[in-house]
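Student: The following block contains the structure, expressed as structure tokens.
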């Protein structure tokens, strides 16, 4: 899979790049907020975006409809440290798999490859 | 100035744990993941393996603290499915009881999230093994729209006061403090998880000795 990594924390992006590459995926780029993600998708056309939800400037919630409009076939996986009922319900409504940030790569890998 | 009664203190405790825990979660999980990556590359190095082992432990501890404080934002994300909870409990027993005999009876299929059920049963089994003695009996049953799984252990009876407090975070009975290490989080974690899936967790005295842990979940 060609994967774009979107998170405002550089160390989280580094970790995701290492985990994804070790699992055989290609990381097409990194972005630190929603607008950067939109720009990076236009440039590199990934298959999957791993999208942090809470970010400065443009957050994941704002980026999702714009990404979907511009790239209807793009798969989005929401990746967040914590998720209350609002986040869980909203991602379910949008049909977007939600993965909690733990150090364990397994659930994220399953969501990307499902 | 507001007074701080029991409910206020509990709310404050949860808020502090919520904020502190959430701020810890990203850096701790990142350290754990990076340590795992190091171990994958340099796994034959004792220093790297020790770092990874302790990072995993810290990652679990932060999650456990949040769950024990009833912070539901870290409850595992998964779809509810039909789960054979008797089979899941037997599997938990086999993982954690080190060959101690278990008598099993009945059937129960719940509608719940599998990772939640697995963790709840792990915690209930751990508690029975640490604080109880043989004989151990597992019973599954269905009552209308809910299923019940009960794990009974023998051993000394537990006081009503201990039974009431045992599900609270950080509670350690006098006997537990002297004969078993731990933070006293297991049943509090199980309670948060089972509640998140629409169930309940309770303890009661056994018929003749020990304790019965009872988990109720929506029927599948």
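Student: What shape does the stretch A:34-93 take by its C-alpha gyration tensor, where a ≥ b ≥ c are the square roots of the eigenvalues and a/c under 1.5 counts as rounded, a/b above b/c as prolate, and the rest as oblate?
Tutor: Note, shape of the stretch A:34-93 comes out prolate.
Student: So, one more: Please sort B:23-29, B:200-206 by packing, taking for each peptide the average over its residues of neighbouring beta carbons within 10 angstrom, highest first.
Tutor: B:23-29, B:200-206
Student: Right, another one. Decide, for the stretch B:12-129, between rounded, prolate and oblate: order the square roots of the alpha carbon gyration tensor eigenvalues as a ≥ b ≥ c, take rounded if a/c falls under 1.5, and otherwise choose prolate if a/b is larger than b/c, else oblate.
Tutor: Oblate shape, in that a/c is at least 1.5 and b/c is the bigger or equal ratio.
Student: Per the helix-only calculation at 222 nm, which mean residue ellipticity applies to the protein assembly as shown, given -39500 (n - 2.57) for every DSSP H run of n ≥ 4 and division by its residues, nearest 500 deg cm²/dmol?
Tutor: Dividing the helical sum by the residues of the protein assembly as shown leaves -16000 deg cm²/dmol.
Student: What are the semi-axes of the equivalent ellipsoid of the stretch A:2-113, taken as the square roots of 5 times the eigenvalues of the Cα gyration tensor, listed largest first and rounded to whole Å?
Tutor: Sorted largest first and rounded, they come to 18, 17, 13 Å.
Student: Ok, one more. Treating chain B as a set of equal point scatterers at the Cα positions, no solvent, please give the Debye-formula log₁₀ I(q)/I(0) at q = 0.07, 0.08, 0.11, 0.15 Å⁻¹.
Tutor: Here the Debye-derived log intensity ratios amount to -0.25, -0.33, -0.61, -1.07.
Student: Give me D for the stretch B:17-67 in µm² s⁻¹, whole number, from Stokes-Einstein with Rh from the Kirkwood sum over alpha-carbon pairs, 20 °C and 1.002 mPa s.
Tutor: Approximately 192 µm²/s, per Stokes-Einstein.
Student: Continuing with the same structure: Kindly express, to the nearest 10 degrees and within the range 0 to 90, the angle between helix B:85-96's C-alpha long axis and the longest C-alpha principal axis of chain B.
Tutor: 60 degrees
Student: Then there's this: I want to check the label-to-label distance for residue B:142 and residue B:44. Put each point 7 Å from Cα in the C-beta direction and report it in nm to one decimal.
Tutor: 5.5 nm
Student: I would also like to ask the following. Testing the spin-label approximation: label points 7 Å from Cα along Cα→Cβ at residue B:107 and residue A:23. State their distance in nm.
Tutor: 3.7 nm
Student: Treating the angle as unsigned and between 0 and 90°, give the value, to the nearest 10°, between the Cα long axis of helix B:114-131 and the longest Cα principal axis of chain B.
Tutor: 70 degrees
Student: Another question, then. Let me know the mean shielding of B:30-38 by other chains, meaning the per-residue number of their Cβ atoms within 10 Å of its Cβ.
Tutor: Going residue by residue through B:30-38 and averaging, the value is 6.
Student: Also, I was wondering about something else. Can you sort B:145, B:122 so the residue with the fewest Cβ neighbours within 10 Å comes first?
Tutor: Least to most surrounded, the residues fall as B:145, B:122.
Student: Right, something else. Taking 8 Å as the Cα distance limit and 6 or more residues as the minimum spacing, I'd like the relative contact order of the stretch B:81-218 as a percentage.
Tutor: Relative contact order of the stretch B:81-218: 26 percent.
Student: Further, regarding this structure: Output the relative contact order of chain A, whole-number percent, from Cα pairs under 8 angstrom with separation of 6+ residues.
Tutor: Once divided by the residue count of chain A, the mean separation gives 23 percent.
Student: At q = 0.13 Å⁻¹, what log₁₀ I(q)/I(0) does the protein assembly as shown have when each alpha carbon counts as one equal point scatterer in the Debye sum?
Tutor: -1.06
Student: Further question: What is the helix-to-structure angle for B:46-68, meaning the angle in degrees between its Cα long axis and the longest Cα principal axis of chain B, kept from 0 to 90 and rounded to the nearest 10?
Tutor: Its long axis makes an angle of about 50 degrees.
Values quoted throughout were computed directly from the atomic coordinates according to the rules given, and no laboratory measurement underlies them. In this text, all values refer to a predicted model and were calculated from it rather than measured experimentally. So basically every Cβ, Gly included, is an ideal-geometry build from the backbone, and we count neighbours across all protein chains shown.
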